[in-house]
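This report concerns only the one structure given below.
Here, each number is a calculation from the coordinates, and none is a lab measurement. Just so it is clear, the structure is predicted and the values come from calculations on it, not from any experiment. Here the Cβ positions follow ideal geometry from the backbone for every residue, glycine too, while neighbour counts run over all protein chains shown.
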Amino acid sequence: MKFRMVHLAGQTSGALPSKEKPVGKRMFSFALLLVLSVGLAGCIPTEGDYSGIGVSLGEGPPDSNEPDTTPPYISSKYPADGAAYVSVSGAPSVTFSKVVDPATVNSQTFTLTRPAWGGGLPVEGSVTLRNNEWTSTPVACFIPAGNLAPGTNYTARITTGVKDTSGNRLAEEKVWSFTTDFSDAFYSDPVPPEEFILLSPGTFTMYFQFSSPENITLTKWFYMGKREITVAQWEAVTGYFPGYVYSYVGYVGDTQLPAANVSWNEVQDFIAALNGMTGRTYRLPTEAEWEFAASGGRNPTGYEYAGSDNPDEVAWYEGNSGGRAHPVGRKHPTYQQFYDMSGNVHEWVNDWYSYSFDNFSGHTDPTGPSTGAVRVLRGGAFNSPIYGITVRSRGYGDPAKGYPNRGFRLVLEQ
């Protein structure tokens, strides 16, 4: 197994290493940056009144008694079809051949989507229309509400719902795709501290299949990850994508899916590489830490599922998932802002599995049995029945085997 490792010799404590891309990729990214500066020129608002945009953009048809029957067409677009390493702050744009009716250039006729099973997942954003300051031709831009996801394939589409001021429809629909870049910052710090929630010590009730509930006390503060580790984060650390090709679901390339189909042993390799990259100490949560976070920390909510008594609000499971995992963080979080602790994918924790408390390691800061044959899985998954996604649900798995419905989240030590 090969990892992208960063040499840390001579690095001061707490400093983050940089991650070099291949020279060819850096040069290509620089070239794309130049293209971006040109491609976005028509997308950047400038001072002025654009209320008359429909009749002032570009050059209209010459005065004539003959009706204008020439359809507009797209003379250029950004990014190019099939472009790679596109900036995550990029805004897709098109240049029209002639004046277009601004009422027809909107979020229904200009869309941006990312991969999802059964079709594209819409990207939130707004559509603008203005003159290119160099060519005076009308430019439409899709401005995403936030940065695009790194390392993700996007598809832009302009439909024939766009018309010119004479009512002629766009000559043909235009569809093109591009892939965003992994930025240097993302590569050097793919799992930043900002993605973790600090939990204070406390006591809570922990449940077991074949023994009575037990009061468990955690005496240490710890940071728990808000979300399950994603495909993008896994690839940024390891240099390869997790084993996402499986017959009954199918991988379509959305890098914000949870990094699943990875074994407990592979997760340990991931953690070792991540710790080496960042100089921090990440690890899997103990089972007690996981249930403490899922149930509300020192102020437990008493909800049946992590964050709600309504599973459809907070979880992907067999009743609503369509038989597949979904990008992380799309359901409502717990009140402490943890996502997907019920459903989506089972989450590996550090402990060996025990059916009852008899083999546990005590009531204070427990770490589970000292030995075992299988490791604990918590939270349920997209193919779990409703009773398998409760805060109390427990499972287990062979630490050497990964399955499509198994992923993980991390703890960051102080």
What is the distance, in nm, between label points placed 7 Å from the Cα along the Cα-to-Cβ direction at residue 304 and at residue 367?
3.7 nm
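To the nearest 20 Debye, how big is the dipole of segment 189-412 about its Cα centre, given +1 on the beta carbon of each Lys and Arg and -1 on that of each Asp and Glu? Don't jump to the answer; show the numbers that get you there.
On the way: 16 positive and 23 negative charges, 19 e Å.
That gives a dipole near 100 debye.
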Quickly work out the residue 66-to-residue 198 label distance, labels modelled 7 Å from Cα along the C-beta direction, and quote it in nm with one decimal.
7.4 nm
Stretched fully, the stretch from residue 75 through residue 219 gains (0.36 nm per residue minus C-alpha distance, one decimal, in nm) 45.4 nm
Would you please give the FRET efficiency between residue 145 and residue 335, computed as 1/(1 + (r/R0)^6) with r the Cβ-Cβ distance and R0 = 30 Å, to the nearest 0.05?
0.75
Measuring from a point 7 Å past the Cα of residue 177 along Cα-to-C-beta, which residues in segment 143-162 have an amide N at less than 15 Å?
151-157
Please list, ordered by chain and number, the residues whose modelled amide H lies under 5 Å from the amide H of residue 88; skip anything fewer than 5 residues away on the same chain.
181
Hey, for a label at residue 207 modelled as a point 7 Å past Cα toward Cβ, could you say which residues of segment 281-322 have their backbone N under 12 Å away?
295, 302-306
Pull up the cross-link candidates among the aspartates and glutamates for residue 401, meaning alpha carbon to alpha carbon under 20 Å and not fewer than 8 places away within one chain.
228, 235, 266, 269, 287, 347, 351
Going through the cross-link list 77/163; 174/331; 77/98, which pairs have a Cα-Cα distance over 26 Å in this structure?
174/331
